[in-house]
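Notes to accompany the following structure.
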């Protein structure tokens, strides 16, 4: 697939992607994509990313059901970063929050928690927090520290 603009995937073949809620304009997550993931996003209208830890493409919500329908893909001025404007269904964050940016440097919770059960998993289907621990149900005022 050819794009109308030049994309710079860098030496590692990846480009950072900011996912922004199309309705609220809130940034819900940041991830990386390779050319294959960007092409899959454009072809399907669903957000695809590249997992650096698993070294594979993944579709947001394929296992959790917390999907991102992509309304638009924007390219920054240098062609080395993308903005996916998405319709987020469920939480974007594997910890159960609507956005991955749910806390401040002081540890204050400023985001909306949309899930509170152990169903929160990362894109590989592992429990939230990685494969070393399973997250328990946690109160909205005290999220797990990852």
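The values are calculated or read from the model by the stated rules, or taken from the named source; none is laboratory data. Everything numeric in this text was worked out from a predicted model, so none of it was measured. Here Cβ is always computed from backbone atoms with ideal geometry, including for glycine, and neighbour counts include all displayed protein chains.
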> Which of the residues spanning segment 57-82 are touching a strand residue (DSSP E or B) at 6+ places or on another chain (Cβ under 9 Å) and assigned to a loop (DSSP other than H, G, I, E, B)?
Replying inline: 60, 61, 62, 63, 64, 66, 67, 76, 79, 80, 81
>> Of everything in segment 74-86, what is closer than 11 Å to residue 20 by Cβ and touching a residue at least 24 places away in the same chain (Cβ under 8 Å)? Give them in sequence order.
In response: 82, 83, 84, 85, 86
> Residues in segment 86-97 that are surrounded by fewer than 18 Cβ atoms within 10 Å (Cβ to Cβ) and not in a loop (DSSP other than H, G, I, E, B): how many?
Replying inline: 1
> Looking at (1) in a strand (DSSP E or B); (2) over 14 Å from the mean Cα position of the chain (by Cα); (3) farther than 20 Å from residue 1 by Cβ, which is the only condition residue 54 fails?
Replying inline: (1)
> Across segment 98-119, what is the number of residues that are at pLDDT 95 or above and either touching a helix residue (DSSP H, G or I) at 6+ places or on another chain (Cβ under 9 Å) or part of a strand (DSSP E or B) (or both)?
Replying inline: 2
